[in-house]
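Here's the structure we're looking at; comments come further down.
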Amino acid sequence: MDSISRQNKENLFYSEDVMLNQASVFKRKTIYFLEKFTDEAGENSELILLVNDLCNVKDIKVEEDFYADYIVYYFHSYPYEMFNYQIKKRKFNLKIIQSEVFSSGLLER
C-alpha cells in the first residue's frame, strides 16, 4: 500500500472527506487477523497483549466519553506522506510480532 500511495501521491483510505473501500478492507482484515492470532496463540497472553497493542483498530479515546474511529483518527485528510508513515509503522509492528512469534516457539506447535 505504501508504494502505491507514494507512486500515486495519495492517501489510499480517503479521497477528500470520503472514506474509500480500501479503508474498510484494511480494518476488516486486521480484525480477522487479530481474532485468528488470538485463537492460535492459545495461552500465550503476553504475546496476545503485544499483538493487540500493536495492531488493534479499536476506536481511539480522544476525550472523556468521546471516541474517534481508528481509520478517521489516523488517516482522515492526511497527505500521502502521513499515510505512508502509518502503513510503514504497521509493517514494522508486524515484524516485531513475527520476531516474538519465532522467539516464543509458537510456530513449533
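The values are calculated or read from the model by the stated rules, or taken from the named source; none is laboratory data. Please read all numbers here as calculations on a predicted model, not as lab measurements. With ideal geometry, Cβ positions are generated from the backbone for all residues, glycine too; neighbour counts draw on all protein chains shown. Note: accessible area is taken over every heavy atom of the protein model, side chains too, but ligands, DNA and RNA are not part of it. Shrake-Rupley method; radii C 1.70, N 1.55, O 1.52, S 1.80 Å.
Taking amide H positions as placed in the peptide plane 1.01 Å from N, state which residues far from Asn56 in sequence (5 or more) or on other chains have amide H under 5 Å from it.
none
If Lys and Arg each add +1 and Asp and Glu each add -1, what is the summed charge of the other residues whose beta carbon sits under 12 Å from the beta carbon of Lys29?
+3
Report relative contact order for the chain in percent, whole number only (criteria: Cα-Cα under 8 Å, sequence separation at least 6).
After rounding, I find 35 percent.
Could you give the length gained by full extension between Asn21 and Glu46, i.e. 0.36 nm per residue of separation minus their alpha carbon distance, to one decimal place?
Extending this stretch completely gives an extra 5.7 nm.
Determine the calculated [θ] at 222 nm for the chain from helices alone, applying -39500 (n - 2.57) to every DSSP H run no shorter than 4 residues and normalising by the residue count; nearest 500 deg cm²/dmol.
That calculation yields -20500 deg cm²/dmol at 222 nm.
Provide the solvent-accessible area of Ser24, counting protein heavy atoms only and rolling a 1.4 Å probe, rounded to the nearest 10 Å².
Counting only protein heavy atoms, Ser24 exposes about 50 Å² to solvent.
Quick check: at a probe of 1.4 Å, how many percent of the accessible area of the chain sits on carbon and sulfur atoms?
Heavy-atom surface of the chain belonging to carbon and sulfur, 1.4 Å probe: 52 percent.
Residues of the chain: accessible area per residue at 1.4 Å, in Å²?
69 Å²
Based on the mean of other Cβ atoms within 10 Å per residue, sort peptides 83-90, 65-72 so the most packed one is first.
83-90, 65-72
What Kirkwood radius, in Å to one decimal, follows from the Cα pairs of the range 41-109?
Working: mean 1/r = 0.0719 Å⁻¹.
So the Kirkwood estimate lands at 13.9 Å.
Tell me, what ³J(HN,Hα) does each residue in the range 41-55 have, in order and in whole Hz, if you take phi through Karplus 6.51 cos²θ - 1.76 cosθ + 1.60 with θ = phi - 60° and put x for Gly and Pro?
6, x, 8, 7, 5, 5, 5, 4, 4, 4, 4, 5, 5, 7, 10
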